[in-house]
């Protein structure tokens, strides 16, 4: 079973170019979200696997019924078709990185 939450997977401050290079080496896309305080994304699912890495601020993240408060450097692996939500907890908002693809060894179901 895949480990959903990895604390301190990347050193802080998070180097965006390192994360992007790592993810692209695995065939993942790379994007950046900047959310205001209290922003919520509720009950999403995707057809691909997803990485989320907290770069700045604190986020509450729930994946398939498991939840954690995540801080900069924490990596979350969200399997395809699994419901997930997140909420920015920091007063100054949050920045989080995301990427979509399929983990190695997993067939592309499309």
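The values are calculated or read from the model by the stated rules, or taken from the named source; none is laboratory data. Keep in mind that what you see is a predicted model, and the values were worked out from it rather than measured. Here the Cβ positions follow ideal geometry from the backbone for every residue, glycine too, while neighbour counts run over all protein chains shown.
Residue-by-condition table, conditions (1) in contact with a strand residue (DSSP E or B) (Cβ under 6 Å, 6 or more places away or on another chain); (2) free of Cβ contacts under 8 Å to residues at least 24 places away in the same chain; (3) exposed (fewer than 14 other Cβ atoms within 10 Å of the Cβ):
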| site | (1), (2), (3) |
| --- | --- |
| 5 | yes, no, no |
| 9 | yes, no, no |
| 15 | no, yes, yes |
| 27 | yes, no, yes |
| 41 | yes, no, no |
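Just one of (1) part of a strand (DSSP E or B); (2) over 18 Å from residue 12 (Cβ atoms); (3) free of Cβ contacts under 8 Å to residues at least 40 places away in the same chain trips up residue 82, so point out which. So the condition that residue 82 fails would be (1). Of all the residues in the stretch 70-98, those that are crowded, with 17+ Cβ neighbours inside 10 Å and at positive phi number 1. With respect to (1) more than 17 Å from residue 7 (Cα to Cα); (2) loosely packed, with under 13 Cβ neighbours inside 10 Å; (3) at pLDDT 95 or above; (4) over 12 Å from the mean Cα position of the chain (by Cα), the lone exception for residue 66 is condition (1). The number of residues in the stretch 20-44 being within 21 Å of residue 63 (Cα to Cα), under 13 Å from the mean Cα position of the chain (by Cα) and not in a strand (DSSP E or B) comes to 4.
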